[in-house]
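Shown next, in structure tokens, is the structure this report addresses.
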Amino acid sequence: MAVGPFHVPSTSEEIDMSYGVISNWTSTVPNNEEMRAEARNKYAPGVKSLGATQVFFVETGESAFQVVTIYPDEATANTARDKQNALRATATSEMPVKMVGDQRGEVFASA
């Protein structure tokens, strides 16, 4: 079904059932190359190994960033939750960062 310039899926098979987890982080120091390298070399691959299809670390401020993780479905995200929380605990113990919150939900559109 078309609504204006948008296609609205008419069956559940047409809907991408990906699931997103977005965590918000702050740092006691400005984001720096050492922290970026740690994210690239350790944390992004660690999260991806839990079943994520994509992981993005997005700098949102001088001392803030978000981690956007896309899983193939909610079940995979839920299965990964405890291990993802363990990775988060490791990050807070090894780096000057603190997770300040997260959001979870179904991805309903992508391009």
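Of all residues in segment 62-87, exactly one satisfies the criterion of being open to solvent by less than 30 Å² (accessible area, probe 1.4 Å) and out of contact with any Phe, Trp or Tyr (no Cβ under 9 Å at 6 or more places or on another chain), namely GLN84.
When segment 66-96 is filtered for residues that are free of Cβ contacts under 8 Å to residues at least 24 places away in the same chain and aliphatic (A, V, I, L, M), the ones remaining, listed by number, are ALA75, ALA86, ALA89.
Filter segment 20-51 down to residues that are touching a strand residue (DSSP E or B) at 6+ places or on another chain (Cβ under 7 Å) and surrounded by fewer than 17 Cβ atoms within 10 Å (Cβ to Cβ), then give me how many there are. Residues in segment 20-51 being touching a strand residue (DSSP E or B) at 6+ places or on another chain (Cβ under 7 Å) and surrounded by fewer than 17 Cβ atoms within 10 Å (Cβ to Cβ): 4 in total.
The values are calculated or read from the model by the stated rules, or taken from the named source; none is laboratory data. Note that the structure is predicted; figures quoted are calculated from it, not measured. Virtual Cβ from ideal backbone geometry, glycine too; neighbours counted across all protein chains shown. When the accessible area is computed, the model is the full protein with side chains, heavy atoms only, and any ligands, DNA or RNA have been set aside. Shrake-Rupley method; radii C 1.70, N 1.55, O 1.52, S 1.80 Å.
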